[in-house]
Amino acid sequence: MTGAANGEVFSFAGVTGGYGATTVVRGVHGAIAAGEACCVLGRNGVGKTTLMRLLTGHLLLRSGTVRLAGQPLDGLAPDERHRLGLVYCPQDRPVFDNLSVRDNLTLMGPIDAGRHAPLLAAFPVLEARMAQSSGTLSGGERKLLSFVRGIAEPGRLLLLDEPSEGVQQENVERMAGFLREAKAAGRALLVVEQNLAFARDIADRVIVMDRGEVVLAGSAAEIDEDTLAAHLQV
Amino acid sequence: MDPILTTNILNVVYEVSTLAVVVLGLAVVFGLLNVMNLAHGEFVMIGAYCAFFVQTQDLPFLAAVPLALLVCGFIGLVVERILVRPLYARPFDTLLATWGLSMLLREAVEAIYGRGFRSVATPLTGSVDVLGAGYPAYRLLLTAVSIALVAGLVWWFVQSATGRRIRAVVNNPELAGSVGIPVTALARNTFVFGCCLAALAGVMLAPLLPVNPTLGLDFILKSFFVLVVGGLGSLVGLISGAGVIGGVESVVSAVSDRTWGYSTVLVIAILFLWLRPNGLFPRT
């Protein structure tokens, strides 16, 4: 498969789908190589989360293809995609709020000293509440917990839907640090963001969506602030 | 203590604990799959017939346990695959489908064994003296086994990795798949497990019941009442629901007769549906 040969971890083309008879996302395409971050930008309601749900197998594609390391993901359930290395941190309800913080992190395996320890050290707010029900966390703290859960998983592809939403600025900066480390380790990132500064901080590529379609795509260095701002204006 | 009072208390405990075993299977399946298995009572019935079959083959009573688990586990596996899975997220359709299944299973058993009542010999005869009251030994054993079974399952559910994953799926099915929980397999196993639990209850209760094809109807109705009263939220709700339904029925039956016992339970269930439809411990 050519995609894999080019170092592309993840690629999707012609992605179309939605809810019931309504098509929300139309013909969206993109590709991410190992060690690269792609940010999906766009105003509220343009289909960014729907795109993520289509890519992760929570919604069925009406048409299009999604490939992970060259392998088509058609018809695979979310847990099967996870086994192939696709890690997903959703925007809404990012944690199991009936389980403790610790249980959220150890649901599929024990705490890993190498992977969890630096994350918990960086986010003491979670470390201090390991035994507490995650339902007692604030919205931003839940996003943080979801982020820690996802980035500690070994999968080669990380899909994050608005990871910085509601998170304190200092923690957003730490998140960006961990994402840069993940890139350095060769992982591929697809991040939906509203926080432009955060996106600028981590993105190698940018996809801008409007009304379910890609209206601008390219390398982050090439797209200047004004063009981007023009697209994101309400 | 007054022996009659002692006997009545033991009857209530017996009624509540055995009912809790039947409802537990139904509730776990509903919690995880959102499927109200109206054929749950028929799995109890098939379990009871397994005990009868074992008796006709001159095998020891306990041989009915693996037989019932195999038969009901297998039926559960097939039913989950061809009936329940295609209808996930369509609660009304699963109600109809499992109701149809319950009729099918009743008719199938009737075709083999006929409508008549069969009796299964009690494997443990005699009575035990409890605080001056003579109480049937088998009932006592059954109460102890039921309490141990429910307590063991609750303990397992609370502390095991699989129990945590089941709670995770109940809380947030979408996220559960994405963190790698094999949701489909877990749902299948849970459904089969619920059927097996009903089968086990059927074997245990067989010596105390007139074994006949319609035996399951009584159980599904009572189980449903338990969930109406207790709410679908938690094990606490399940046990308190079983306490209310099983307790009220056996107390009213003791001071009056079974018809009044049953009517009172029905009235309580109606009142709950009317005034407190989410039960004592609603799902949050």
query: Hey, among the residues in the stretch A:120-131 that are loosely packed, with under 15 Cβ neighbours inside 10 Å and out of contact with any strand residue (DSSP E or B) (no Cβ under 6 Å at 6 or more places or on another chain), which one's farthest from A:GLU153 (Cα to Cα)?
result: A:ALA128
- prompt: Residue check, A:ASN104 against (1) at pLDDT 95 or above; (2) closer than 26 Å to A:HIS231 by Cβ; (3) within 13 Å of chain B (Cβ to nearest Cβ), all met but one. Which one?
  reply: (2)
message: Restricting to the stretch A:190-204, give me the number of residues that are surrounded by 22 or more Cβ atoms within 10 Å (Cβ to Cβ) and charged (D, E, K, R).
response: 1
- request: Please find, within the stretch B:240-284, the residue that is farthest from B:GLU15 (Cα to Cα) out of those that are among the β-branched types (Val, Ile, Thr) and in contact with a Ser or Thr (Cβ under 8 Å, 6 or more places away or on another chain).
  value: B:VAL252
field: Residues being more than 7 Å from chain A (Cβ to nearest Cβ), under 23 Å from the mean Cα position of the chain (by Cα), within 23 Å of A:PRO90 (Cα to Cα) and without any contact (Cβ under 8 Å) to a residue 40 or more places away in the chain - total across the stretch B:164-209
entry: 1
query: Out of the stretch A:109-130, which residues are touching a helix residue (DSSP H, G or I) at 6+ places or on another chain (Cβ under 8 Å) and within 14 Å of chain B (Cβ to nearest Cβ)?
result: A:ILE111
task: Just give me the residues in the stretch B:109-126 being aromatic (Phe, Trp, Tyr) and surrounded by 14 or more Cβ atoms within 10 Å (Cβ to Cβ), in sequence order.
output: B:TYR113
query: How many residues, within the stretch B:150-163, are within 14 Å of chain A (Cβ to nearest Cβ) and among the small types (Gly, Ala, Ser)?
result: 3
query: Does the stretch A:6-25 include one or more residues that are without any contact (Cβ under 8 Å) to a residue 60 or more places away in the chain, at the interface with another protein chain (Cβ under 10 Å from one of its Cβ atoms) and crowded, with 17+ Cβ neighbours inside 10 Å?
result: no
- prompt: Looking at this structure, is A:HIS82 within 13 Å of chain B (Cβ to nearest Cβ), under 26 Å from A:LYS183 (Cβ atoms) and touching a residue at least 40 places away in the same chain (Cβ under 8 Å)?
  reply: yes
- request: Given the conditions (1) at pLDDT below 90; (2) in a helix (DSSP H, G or I); (3) of a type in the set (A, V, I, L, M, F, W, C), report the number of the one that B:CYS72 does not fulfil.
  value: (1)
task: Might you let me know whether the stretch A:89-108 holds any residue that is assigned to a helix (DSSP H, G or I), surrounded by 20 or more Cβ atoms within 10 Å (Cβ to Cβ) and hydrophobic (A, V, I, L, M, F, W, C)?
output: yes
field: Residue ID - nearest to A:GLY186 (Cα to Cα), chosen from residues in the stretch A:68-79 that are more than 8 Å from every other protein chain (Cβ to nearest Cβ) and more than 16 Å from the chain's Cα centre (by Cα)
entry: A:ALA69
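The values are calculated or read from the model by the stated rules, or taken from the named source; none is laboratory data. Source: prediction; values computed, not measured. Heads up, the Cβs are rebuilt from the backbone with ideal geometry, glycines too, and the neighbour counts pull from every protein chain shown.
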